[in-house]
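First comes the structure, then the notes that go with it.
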Protein chains: 2
Amino acid sequence: MALTDTEQLAFALNEARVGLAEGGVPIGAALIVDGEVLAVGHNQRVQLGSSIHHGETDCLENAGRLPASVYARATMVTTLSPCDMCTGAILLYKIPRVIVGENSSFFGGEDYLRQRGVEVVVLDDEECKKLMADFIAAQPGLWNEDIGEE
Amino acid sequence: MALTDTEQLAFALNEARVGLAEGGVPIGAALIVDGEVLAVGHNQRVQLGSSIHHGETDCLENAGRLPASVYARATMVTTLSPCDMCTGAILLYKIPRVIVGENSSFFGGEDYLRQRGVEVVVLDDEECKKLMADFIAAQPGLWNEDIGEE
């Protein structure tokens, strides 16, 4: 039986929690292909001192080198609306579907993804929202750094 | 005396050649801030098995965590027109100026960068063009993988 969108989100949410437990920015992602989790990842700004390992890009990196035919069957699941970089990564690999946990803490490239033909589903998930709200309140400087605002 | 655009491109071109010598995709980048090279990088698809370390993103990763005030004074120099992911990374960090070695081998997000207020200068550099033309002719599968086409 196919995973529901909420079931798929659970893998990304688990990654966000792993990131939080590591002292990092709590944003997670999962790449789902043919109903299975091909890779997961989470923001590594703190853990690796990284400016490019966001949830989605870390997940793509963990997935390794894949042929276009695999990306073409993939769904990118992310706990938070994708920033411009992650939006671009989704477009580069022509991933046709994106599940977004929430977009009230941050509104990224959803409109641009749709313009370019990507299906974007926003779940408005309460757990994702609380995770980000608590994090942003606790570490506003780190959050603003992560989105290029500080 | 300030570096000319062509002098800035030389740092990126050198990185592209390093990548080629490593057996990789020959695309390089440099981040120039206040007239000095803050970081360089090159595509690491082959070397690291990476899907996210393109020239520009590898350069941003090598630059480490930077405050927005530094990105705001930066120029991203790349040997090849930036793909959607690298375009997005430039937008995320609000880098105001991009120098592109050439855009005849590949035309990326230049129009979108300009729409979003980024200054894009294309140098139409013969050495950059030859490097990519030779590489694409020699390894079309690797090149197409890198741009999500195969």
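Annotations for the structure displayed:
- Matching option when the condition is at negative phi, touching a helix residue (DSSP H, G or I) at 6+ places or on another chain (Cβ under 6 Å), at pLDDT 95 or above and open to solvent by less than 50 Å² (accessible area, probe 1.4 Å), among B:Leu142, B:Leu92: B:Leu92
- Selection of segment A:1-32 for residues being open to solvent by less than 50 Å² (accessible area, probe 1.4 Å), in a helix (DSSP H, G or I) and of a type outside the set (A, V, I, L, M, F, W, C) yields A:Asp5, A:Gln8, A:Glu15, A:Gly19.
- So B:Arg114, is it out of contact with any Gly (no Cβ under 8 Å at 6 or more places or on another chain), modelled with pLDDT of 95 or more and closer than 30 Å to A:Val46 by Cβ: no
- For segment A:70-77, the condition of being in contact with a Ser or Thr (Cβ under 9 Å, 6 or more places away or on another chain) and within 24 Å of A:Tyr112 (Cβ to Cβ) holds for none of the residues.
- Any hit, segment A:115-127, residues being open to solvent by less than 10 Å² (accessible area, probe 1.4 Å) and out of contact with any helix residue (DSSP H, G or I) (no Cβ under 6 Å at 6 or more places or on another chain): no
- Scanning segment A:119-146 for residues that are farther than 16 Å from A:Leu13 by Cα and out of contact with any Leu (no Cβ under 7 Å at 6 or more places or on another chain) yields a total of 12.
- Test: residue in segment A:95-106 that is open to solvent by 20 Å² or more (accessible area, probe 1.4 Å) and farther than 19 Å from B:Gly88 by Cα: yes
- Members of segment B:24-43 that are over 13 Å from B:Cys86 (Cα atoms), touching a His at 6+ places or on another chain (Cβ under 9 Å) and among the aliphatic types (A, V, I, L, M): B:Val25
- Unique residue being without any contact (Cβ under 8 Å) to a residue 24 or more places away in the chain, touching a strand residue (DSSP E or B) at 6+ places or on another chain (Cβ under 8 Å) and of a type outside the set (A, V, I, L, M, F, W, C) when the list is B:Asp58, B:Asp111, B:Asp134, B:Asp124: B:Asp124
- Within segment B:95-109, being in contact with a helix residue (DSSP H, G or I) (Cβ under 8 Å, 6 or more places away or on another chain) and charged (D, E, K, R) holds for one residue alone: B:Glu102.
- Selection count where residues are open to solvent by less than 10 Å² (accessible area, probe 1.4 Å) and under 21 Å from A:Asp125 (Cα atoms), scope segment A:33-53: 2
The values are calculated or read from the model by the stated rules, or taken from the named source; none is laboratory data. Quick caveat, the model's predicted, so the values are computed rather than measured. Positions of Cβ are backbone-derived with ideal geometry, glycine not excepted, and every protein chain shown enters the neighbour counts. These area figures cover heavy atoms from the full protein model, side chains too; ligands, DNA and RNA do not enter into them. Shrake-Rupley method; radii C 1.70, N 1.55, O 1.52, S 1.80 Å.
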